[in-house]
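Undergrad: Provided herewith is a single structure, encoded as structure tokens, for subsequent inquiry.
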Amino acid sequence: MLELQAFFPSFFIWVAFPKLEKITISHLRKAKRIWHNQLHTNSFSMLKELIVQECDNLLNIFPLFLLGVFRRLEKLIVIDCASLKEVFQLQVQGLDIEETYVVESRLREMNLVRLPKLEHVWTKYRKGNVSFASLRQVCIRQCWGLKTLFPFSIAKGLQELETLTIQSCGLEEIVAKNVEGSDEEEIWFAFNQLSYLEFWNLSYLTCFYPGIHRITWPAFKQLKIAECRRIKIFGHEESQIQHSLFLIEKVIPQLEEVSFSQRDIAMICDGQFEDSLFCNIKYLWISCYFDESYVFPISFLRRFYNLEILHLGSSNLKELTSFESGAYEDKDMVITSPKVKKLILDMVDNIRHLWLQDSPLDNICASLECLEVTMSGNLINLGLDLSSFENLITLDVWNCENMTELITSLKAQSSMRLVTMRIRECKMMREVVTSDRDDTSYELVFRALKHLELHCLQSLTSFCSGNYNLRFPSMEQVILSQCPRMKNFYQGVLSTPKLHKVQLTETDFEGRWAGDLNATVEQLYKEQVGYRGLKHLKFSEFSELIDIWSRNPQEMLDFTNLESLEVCDSNYLRYIFNLSMALDLGQLQKMKIKRCGNLEQVIKEEGSITTVEEAITDSSKTISIFPRLQSITVESCPNMTSFYMGSKGLECPSLVKIKVAYCSNMTTFVSTFSRYEDKEATISDEVDNVAVIFSDKVAFPNIEKITISHLRKAKRIWYNQLHTNSFSMLKELTVKKCDVLLNIFPPFLLAPFRRLEKLIVIDCASLEEVFQLQVQGLDIKETYVVESRLRKVYLVHLPKLKHIWTKYHKGNISFTSLQEVGIQECWSLKTLFPFSIAKDLQQLETLTIESCGLEEIVSKNVEGSDEEEIWFAFDQLSVLHLWNLPDLTCFYPRMHTTIWPALKQLKIFRCEKIKIFGHEESQIQHSLFLKKIIPQLEHISLTVDDIAIITDGQFVIDLFSHIKALEITENLNDSAVLPFHFIQRFSNLEKLKIVGCNFKELSPYEGDDGEERDVPMFLPRINKLTLHGVDKMTHLRKQGSHLHHICANLVTFKVYQCDSLISLSCASSSFQNLTTLDVWKCEAMVELITSSKAQCLEQLVTLEIRECGMMSEVIASDGDEATDHEIIFKELKRLKLYALQNLKSFCSRNYTLKFPSLDDVYVSDCPAMENFCNGALSTPKLQEVETGRGVTKCTWDLNATIEKLNK
């Protein structure tokens, strides 16, 4: 066996290992290839096992023409190789394997895990002379770049495959299409030995094979599929097999283990399937019940009368106590229900208690022997009476983060046969058994309990509270680990006669013992053993750590397994790690440092130079720390001057994400000093007296995302020369509130950032340039070619910004990948694109410019002649928004032609100096668009001036027939009315938005009476209406107006900042189909609607009312209803009432209000609200009310809950 670690300098080039059977290579960060193209004769020919881990630059595992050498390979494991694109390279462009090259691989097991750039396991290969017929186990996890697993030629020979597991991958199909055969050819796949198939979280998977095919799997026993939403799992016998993965009649009878989603269960329940079809199934996994209103399918279970294990996972069910109506009363169902032996609840996030006594699950679980509860985040306790489970032997609870106790003492009395109890990673659990107020017993006996494991329970202080005699007569094993607050096991009388040690891990066979269990736990607490092995540590949860940490934590604490660290709100530490400590944290992946007032550095090199020299394995100027660290967050540390201070630069080889914010004194990320006779002399990390955040002392080869904000002293982000490959993988950069920053990218540094895809710059008061392409007296050489991959640019509130790109004429720097550009509040910016950049924006999809000083979009080409014909082709541009650009006079300041064939959405507002539309015959430079662009638009905004031009011009009426969304803006004339006659032109209009207009009402119609009678025949019917800032309107319309016709099919209605609007009652006849009603900041509105009109809201699903200061009730009285008046909101599910200062109730009259579907209520900042209503109230589905302070349990009476909130 040969093992190579990170310090090995070379690979297998001129080596001869004829008998080598196993190779493990890991952390070889710089190697791009494992094998030389030609190997020594017989070398590696006996290799049986190859393991490759964390080789970040590796591109493939087996290159072309080398498969024959490794034909005896049986096991392949590849994990965490960030750049790997191929495993078996069967083809290279321009080369192909010859027909005479035959390889029959003996590979039996293959595991590929976390390979983000993997594109092919086998490169596409059509010849059949390379086979992997011995494959038995294939496991692929977290390979999101992988679209297809098996080439057709490989898949045809997998008759020996036994296990196939694919989790969290980008697969679209399992087997690639056979490009050589005809579409009519019948294709068979025979998986004769496949017994286990697992597909999980394959969100892009659409088919097994993209053509007509047949599959046989006669040995199939276990099928687990979840969160594969694009593929139909089961189909009927008569349906085409390519439309579903399995035929239910054929595959189900042979299965012993199966998973069903909500969709599968609905299909089976609707179908005519014999119950005997499911008789062999012993393990049933039900998943993907994401609709909270659904109930557990209890009656469905009676089909599985031999069921032994029931697994409920990945569901949003709120409880397991509600079932289909009448299900429990069905006596036959109770008789035929299975008696499961094991119940697993996994990621059932919304349940707070498992189920109530006497529920149907009592019958199903009467013979339960094992209960497992995992990752159910809202579960507070089990809430079970264990007397119902007299056969329960094993209880296992893991990662239920809100569980505060396991069970009460009264219910624990009945745990007669419980043998094993495991509780792990429940961070809020304070005790396992909590005292019950109704419990009057003096003794608590766990008679059969032999094994107890308590692991990673950070809040646990003891096993049990109360004053009992606590006895464990059979206890033989206690495993106690990572419970740092556990001071004792139990304060009262405790008996464990068979226990003689406490183990710290499963393999700690020697254990610890101080005479009895209590004394042993107390000793472990004094020695701080509970901190050993912690994977996740938050300082804020362990205030006692601060004193230990400030002295020397390495004396008492072992953090070699630490994966995430969070240090918050500590004012005692000047630094967190010395170099020796940092080098011990080889497993650390995530670090957060927040609100540490006196912190100066996170890592500070102290002590002997020997520590540094031992950590460096070559002549590098950097020291590699935290080999697995992926994320760094540093926020609100005002005294921090740098993240790291040392005599060498800093390398973090796996770092992907950095966020530094509100560190006002930070000038650089890494500061260095020189050592002379072991004395420190600081070296300034400034260039020409300008502070640089990332200098050449920083090596982050895999960094993908950087966020820096509120760094008040930094003038530059980058040093002129960066460390080799550092930042070359950067994809996203966000810069906020860096007040003295002058530019983002200095000259000659574009090439290292060519992979940058997203750039966001906000609120940088001194920024003058983003991309500095030129410096006075210097120019970029012709040979300096950069093709940037930048796709998205957002620049907001940069008052001194003069150039995004400095004027640049050569064409050797391009931004052809740009898709989205958004510029806002940059008043010094006069031009957006240099001519050389604008010529190549064929991929641009969205351009938004708001509140800027722009005079032109594209600057003049100074190199060409005025007579030269100039074209701009925006082939993909679909959205163009120009908003509040008072100085904009033209798109380009010379004769030009602009084409935008994909333009769909055009919103232009307050651009007074530019003409938007011109006639076909007019010069294009005098207007932004010719009228011929209008037929392709779907969304347009128009001012009153635009409407006048269109109305007066020679525009045919059907020119606007494709427009689906119309926005009418800024009509400030008080006498103006909504131009219904103009709206006739928009025959397919779906959405109408009116913004900043002074219409006093929407009902009048301009024109004579004769015209008015004909208008409704031609008006469109919209489904969404938005009124925003229509300040002068007091009522929407009069009865019988044209607005009634337009809004007859209205589904969504939004009313924002209409300060004179009193009520919506006048428009209620248009609300018959309304599902969403949203009202915000209507200061004069005293009521939403009257009681007689509220009946029109029978289809309403969502109602939101926010910040309407005068509103006293939502539904007001008409004054003439009977006292027994009933109002039913049949479909209303969501109700939000926020910041309604005068609201006293939803309805003050003594009406009966019914909300049969309401299950989501939010009430916050309504200080005058006394109750919900004064009459009878019905909300059968409502369980809780969300407030600004959290969630309040609804006591089945919304009135009482509201009264309680405001007491």
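The values are calculated or read from the model by the stated rules, or taken from the named source; none is laboratory data. Everything numeric here is computed off the predicted structure, so don't read it as measured data. Because the Cβ atoms are built from the backbone with ideal geometry, glycine has one as well, and the counts that use them run over all protein chains shown.
Undergrad: What's the number of the only condition in (1) at pLDDT 75 or above; (2) out of contact with any Ser or Thr (no Cβ under 8 Å at 6 or more places or on another chain) that Glu920 fails to meet?
TA: (1)
Undergrad: Another question, then. Can you tell me which residue among Arg471, Arg447, Arg512, Arg485 is touching a residue at least 40 places away in the same chain (Cβ under 8 Å) and basic (Lys, Arg)?
TA: Arg485
Undergrad: To continue, here is another question. Among the residues of the range 208-215, is any surrounded by 15 or more Cβ atoms within 10 Å (Cβ to Cβ), in contact with a strand residue (DSSP E or B) (Cβ under 7 Å, 6 or more places away or on another chain) and within 25 Å of Ile79 (Cβ to Cβ)?
TA: no
Undergrad: Something else: Those residues that are surrounded by fewer than 20 Cβ atoms within 10 Å (Cβ to Cβ), within 20 Å of Asn402 (Cβ to Cβ) and touching a Ser or Thr at 6+ places or on another chain (Cβ under 7 Å), I need them from the range 456-490; list them, please.
TA: Result: Ser465, Arg485.
Undergrad: Can you pull out the strands (runs of 3 or more DSSP E) entirely within the range 1138-1207 that have at least 3 residues that are assigned by TED's automatic domain parsing to the domain that holds Ser1117, modelled with pLDDT of 90 or more and surrounded by 19 or more Cβ atoms within 10 Å (Cβ to Cβ)?
TA: Answer list for the range 1138-1207: 1145-1147.
Undergrad: Identify the residue in the range 205-226 that is outside any loop (DSSP other than H, G, I, E, B) and not charged (D, E, K, R) and, among all such residues, is farthest from Asn192 (Cα to Cα).
TA: Filtering first and then ranking leaves Ala226.
Undergrad: Restricting attention to the range 591-639, and to residues there that are in a loop (DSSP other than H, G, I, E, B) and of a type in the set (Val, Ile, Thr), which single residue is modelled with the lowest pLDDT?
TA: Thr617
Undergrad: Oh, and also: Cβ contacts < 6 Å: first residue under 18 Å from Val175 (Cα atoms), restricted to the range 207-236; second residue of a type in the set (S, T, N, Q) and assigned to a strand (DSSP E or B), any location; separation 6+ or different chain. Result?
TA: Here the result reads Ile225/Ser259, each pair linking the range 207-236 to a residue that is of a type in the set (S, T, N, Q) and assigned to a strand (DSSP E or B).
Undergrad: Which ones in the range 1122-1137 are within 25 Å of Val1051 (Cβ to Cβ), part of a strand (DSSP E or B) and out of contact with any helix residue (DSSP H, G or I) (no Cβ under 6 Å at 6 or more places or on another chain)?
TA: Those that are within 25 Å of Val1051 (Cβ to Cβ), part of a strand (DSSP E or B) and out of contact with any helix residue (DSSP H, G or I) (no Cβ under 6 Å at 6 or more places or on another chain): Ile1128, Arg1134, Leu1135, Lys1136, Leu1137.
Undergrad: Go through the residues of the range 830-837 one by one and say whether even a single one is touching a residue at least 12 places away in the same chain (Cβ under 8 Å), crowded, with 21+ Cβ neighbours inside 10 Å, touching a Pro at 6+ places or on another chain (Cβ under 6 Å) and closer than 18 Å to Leu801 by Cα.
TA: Within the range 830-837, not a single residue is touching a residue at least 12 places away in the same chain (Cβ under 8 Å), crowded, with 21+ Cβ neighbours inside 10 Å, touching a Pro at 6+ places or on another chain (Cβ under 6 Å) and closer than 18 Å to Leu801 by Cα.
Undergrad: Sticking with this structure for a sec: Check Lys48 against each of (1) at pLDDT 80 or above; (2) crowded, with 19+ Cβ neighbours inside 10 Å and name the one condition it does not meet.
TA: Unmet for Lys48, out of (1) at pLDDT 80 or above; (2) crowded, with 19+ Cβ neighbours inside 10 Å: (2).
Undergrad: Since Lys932 meets every condition but one in (1) among the charged types (D, E, K, R); (2) in a loop (DSSP other than H, G, I, E, B); (3) modelled with pLDDT under 85, which condition does it not meet?
TA: Failed condition: (2).
Undergrad: Quick check: is even one residue across the range 1029-1046 closer than 24 Å to Cys1147 by Cα, surrounded by fewer than 18 Cβ atoms within 10 Å (Cβ to Cβ) and modelled with pLDDT under 90?
TA: Yes, because at least one residue in the range 1029-1046 is closer than 24 Å to Cys1147 by Cα, surrounded by fewer than 18 Cβ atoms within 10 Å (Cβ to Cβ) and modelled with pLDDT under 90.
Undergrad: Ok, one more. Of the residues Lys232, Lys156, which single one is among the charged types (D, E, K, R) and over 30 Å from Arg72 (Cβ atoms)?
TA: Lys232
Undergrad: Can you name every residue in the range 420-453 that is hydrophobic (A, V, I, L, M, F, W, C), farther than 18 Å from Lys498 by Cβ and in contact with a strand residue (DSSP E or B) (Cβ under 7 Å, 6 or more places away or on another chain)?
TA: Once the filter is applied, which keeps residues that are hydrophobic (A, V, I, L, M, F, W, C), farther than 18 Å from Lys498 by Cβ and in contact with a strand residue (DSSP E or B) (Cβ under 7 Å, 6 or more places away or on another chain), the range 420-453 yields Ile423, Cys426, Met429, Val432, Val433.
The rows are residues; the columns are (1) within 23 Å of Val340 (Cα to Cα); (2) crowded, with 17+ Cβ neighbours inside 10 Å.
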{"position": "Leu395", "(1), (2)": "yes, yes"}
{"position": "Trp398", "(1), (2)": "yes, yes"}
{"position": "Glu401", "(1), (2)": "no, no"}
{"position": "Ala412", "(1), (2)": "yes, yes"}
{"position": "Met416", "(1), (2)": "yes, no"}
{"position": "Glu425", "(1), (2)": "no, yes"}
{"position": "Thr434", "(1), (2)": "no, yes"}
{"position": "Leu444", "(1), (2)": "no, yes"}
{"position": "Leu452", "(1), (2)": "no, yes"}
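Undergrad: Mind checking whether some residue in the range 18-27 is at pLDDT below 80 and among the hydrophobic types (A, V, I, L, M, F, W, C)?
TA: No - not one qualifying residue is present in the range 18-27.
Undergrad: On the given criteria, is Leu545 in contact with a helix residue (DSSP H, G or I) (Cβ under 8 Å, 6 or more places away or on another chain) and either in the same structural domain as Ser459 (by TED's automatic domain parsing) or of a type in the set (Gly, Ala, Ser) (or both)?
TA: No, not satisfied.
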